[in-house]
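In what follows, a single structure is set out as structure tokens and then discussed.
The values are calculated or read from the model by the stated rules, or taken from the named source; none is laboratory data. If you're wondering where the values come from, they're calculated on a predicted model, not measured in any experiment. We place every Cβ from the backbone using ideal geometry, glycine too, and count neighbours over all the protein chains shown.
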């Protein structure tokens, strides 16, 4: 084929590609996945409950209402308790509601756009709008700046390990790509749970400071895993505020800015603490929280959101299924009763029939494959035993009739013998030839 003919073919292919693009785009748009309208058969499940698990809450600026999440839906409730009103329901998983400083809007985390992003709606649940539009570095745990113009959220980064680490980013309520505030210390130790001081000067957050520089299992929370730091929005400097034995997570400053509430582990209990920000003095106020997640990988936070009442005299938290109002002066605790009625659509479980003991087993993967020195025989492990196969098209047959697990075959240089290892739970490992 000469160059002229080749150019003709290339031009033809390019033309066909461009002709096909509009039709492909139309097809993709028509088949675009809708989180709230997935295909398939559903059944309805009606839920009526007065308890809930791991419920994030916030208190309205006027102190009249509590907004909270349950099973991926968002509800509002009088601060005195009673029947909850649904603000957001459906298939989308929506959590972590937070009132704007003037109480007119609520921010929340939602996957309605295909992945976890920050959204805003009116306080009555209307006019929900997606603010961030990340499709890989997903976001959660948004909080408002005091002027109500910005949201600061945790952004998740992954690398070689899927666990990843968080950074704090700031977004205008009209959207945009955001501004990075903090930089992750490494690829595996997390930071998150932001809170902005009422004067707008500081962003408080929790950070994994456990020694080693990477995520570890079997950590001891009674030493120190997490500490609370604060980022100065004026000069960009960061300082540590709380930590020590038991760590410190989920920071929340009082309305007057004098006290810091946080969660600390004390032996087997997660305890709500206060710190005087001027003196550093700390004391417990409530020791009946549900267990925090300091040992785990808690991308959405180490304890559910809570908040102060506007007068600064009480904290309202979720614990062990319900809402508690804790007087910080008398330490008296009052339950806030609630009732939730909601209907969820559940997909039918997809089931496949599998025979656990078939007469014939099709092997999908072989291991430890080695060829004989003359290249005529293949030895490999499959289904726990060693097999041999004449190359190229021979039928595999067992090498031994033993019942122990067999693996790691190795030919002798002359090809007359094979060395391999075995295992059973009585005699354990052995080497055979």
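The listed residues are 276, 288, 208, and the only one of them that is at pLDDT 95 or above and buried (at least 18 other Cβ atoms within 10 Å of the Cβ) turns out to be 208.
For every residue, the table says whether it meets (1) touching a strand residue (DSSP E or B) at 6+ places or on another chain (Cβ under 7 Å); (2) surrounded by fewer than 16 Cβ atoms within 10 Å (Cβ to Cβ); (3) over 30 Å from residue 295 (Cα atoms).
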{"position": "94", "(1), (2), (3)": "yes, no, no"}
{"position": "116", "(1), (2), (3)": "yes, no, no"}
{"position": "136", "(1), (2), (3)": "no, yes, no"}
{"position": "140", "(1), (2), (3)": "yes, no, no"}
{"position": "164", "(1), (2), (3)": "yes, no, no"}
{"position": "175", "(1), (2), (3)": "no, yes, yes"}
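Of all residues in region 253-266, how many are surrounded by fewer than 18 Cβ atoms within 10 Å (Cβ to Cβ) and closer than 19 Å to residue 227 by Cβ? First the steps, then the outcome.
Taking region 253-266 first, the residues surrounded by fewer than 18 Cβ atoms within 10 Å (Cβ to Cβ) are 255-258, 266.
Remaining after also requiring closer than 19 Å to residue 227 by Cβ: 266.
Result for region 253-266: 1.
When the residues of region 177-191 are filtered to those that are on the phi < 0 side of the Ramachandran plot and touching a residue at least 40 places away in the same chain (Cβ under 8 Å), which remaining residue is surrounded by the most Cβ atoms within 10 Å (Cβ to Cβ)? That would be 190. Exactly one residue out of 201, 185 is out of contact with any strand residue (DSSP E or B) (no Cβ under 7 Å at 6 or more places or on another chain) and either closer than 23 Å to residue 260 by Cβ or modelled with pLDDT under 95 (or both), and it is 185.
If you go through region 74-100 and keep only what is under 22 Å from residue 193 (Cβ atoms) and within 19 Å of the chain's Cα centre (by Cα), you end up with 74, 93, 94, 95, 96, 97, 98.
So which residues in region 266-287 are part of a loop (DSSP other than H, G, I, E, B), within 21 Å of residue 220 (Cα to Cα) and out of contact with any strand residue (DSSP E or B) (no Cβ under 6 Å at 6 or more places or on another chain)? Walk me through how you get there before you give the answer.
Kept after step one, since they are part of a loop (DSSP other than H, G, I, E, B), are these residues of region 266-287: 267-268, 277-281, 287.
Still in the running and within 21 Å of residue 220 (Cα to Cα): 267-268, 287.
If the condition is that a residue be part of a loop (DSSP other than H, G, I, E, B), within 21 Å of residue 220 (Cα to Cα) and out of contact with any strand residue (DSSP E or B) (no Cβ under 6 Å at 6 or more places or on another chain), then 267, 268 are the ones that fit.
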